[in-house]
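J.: Next up is a structure, given as structure tokens.
The values are calculated or read from the model by the stated rules, or taken from the named source; none is laboratory data. These numbers come from a predicted model, not from an experiment. Positions of Cβ are generated from backbone atoms using ideal geometry, with glycine treated the same way; all protein chains shown enter the neighbour counts. Areas reflect the complete protein model, heavy atoms only, side chains present, ligands, DNA and RNA absent. Shrake-Rupley method; radii C 1.70, N 1.55, O 1.52, S 1.80 Å.
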Amino acid sequence: MRRIPHATFATLAAGALLLGGLATATATAQAAPARAKSLYAPSALVLGVARGEDPLTATVERAVTLSCAPTATGTHPDPVAACKELAEVRGQFSELAAGPSNRTCTRQWDPIVVTADGVWQGKPVRFSTTYGNACEMAGSTNGHTVFAF
């Protein structure tokens, strides 16, 4: 009769070790970092146009989303053209938003801020620039579609 309690204890101990090992393996599997589901580096942006001088306090008038990989999508009115323009300048928003104005504008001070926040080809993006008014903004972007929404 003494062997039965020892056999029962040994069986319970082995079962506990087995279950403990499975629980550890399960916890380890759940803690593993998520893997990328795409071969493309992410390119997802929020573009905005706001009224004011400072991008942190300006009143947002319009905002759109733009995702460029693997296909051009988002709420931007022309995501294909916007993604193409960004690819041409390697995601350098300053190259799209600066340039000689081809418009004659008044010098009325009614500042407009354009912003871009998100990720371009896997790298964080935070861009903003301020124009004196909407006419200056339209003239400086020279017809690019990225901020035309």
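J.: Here is a check on your reading of the model: is R90 touching a strand residue (DSSP E or B) at 6+ places or on another chain (Cβ under 6 Å) and without any contact (Cβ under 8 Å) to a residue 12 or more places away in the chain? Walk me through it before giving the result.
T.: Numbers: touching a strand residue (DSSP E or B) at 6+ places or on another chain (Cβ under 6 Å): no; without any contact (Cβ under 8 Å) to a residue 12 or more places away in the chain: yes.
No; evaluated as a whole, the condition is false for this residue.
J.: Go through the range 40-73 and count every residue that is touching a helix residue (DSSP H, G or I) at 6+ places or on another chain (Cβ under 9 Å), in contact (Cβ under 8 Å) with a residue 24 or more places away in the chain and assigned to a loop (DSSP other than H, G, I, E, B).
T.: Matching residues across the range 40-73 total 3.
J.: Can you tell me which residue among T71, T59 is among the β-branched types (V, I, T), open to solvent by 30 Å² or more (accessible area, probe 1.4 Å) and modelled with pLDDT of 95 or more?
T.: T59
J.: Next question. Find all pairs meeting these conditions: Cβ atoms under 9 angstrom apart; at least six residues apart or on different chains; first residue within the range 121-137 and more than 21 Å from Q108 (Cα to Cα); second residue assigned to a helix (DSSP H, G or I) and open to solvent by less than 40 Å² (accessible area, probe 1.4 Å).
T.: Close Cβ pairs (under 9 Å, with a partner that is assigned to a helix (DSSP H, G or I) and open to solvent by less than 40 Å² (accessible area, probe 1.4 Å)) amount to V125/F93; F127/F93; F127/A97.
J.: Taking the range 81-111 on its own, how many of its residues are among the aliphatic types (A, V, I, L, M), at pLDDT 95 or above and either loosely packed, with under 13 Cβ neighbours inside 10 Å or in a loop (DSSP other than H, G, I, E, B) (or both)?
T.: Count: 0.
J.: Within the range 113-121, identify whether any single residue is open to solvent by less than 60 Å² (accessible area, probe 1.4 Å), out of contact with any strand residue (DSSP E or B) (no Cβ under 6 Å at 6 or more places or on another chain) and in a loop (DSSP other than H, G, I, E, B), and answer yes or no. Explain how you work it out, then say what you get.
T.: Step one: of the range 113-121, the residues open to solvent by less than 60 Å² (accessible area, probe 1.4 Å) are 113-120.
Filter again for out of contact with any strand residue (DSSP E or B) (no Cβ under 6 Å at 6 or more places or on another chain), leaving 120.
Add one more test, that the residue is in a loop (DSSP other than H, G, I, E, B), and what stays is none.
No, because not a single residue in the range 113-121 is open to solvent by less than 60 Å² (accessible area, probe 1.4 Å), out of contact with any strand residue (DSSP E or B) (no Cβ under 6 Å at 6 or more places or on another chain) and in a loop (DSSP other than H, G, I, E, B).
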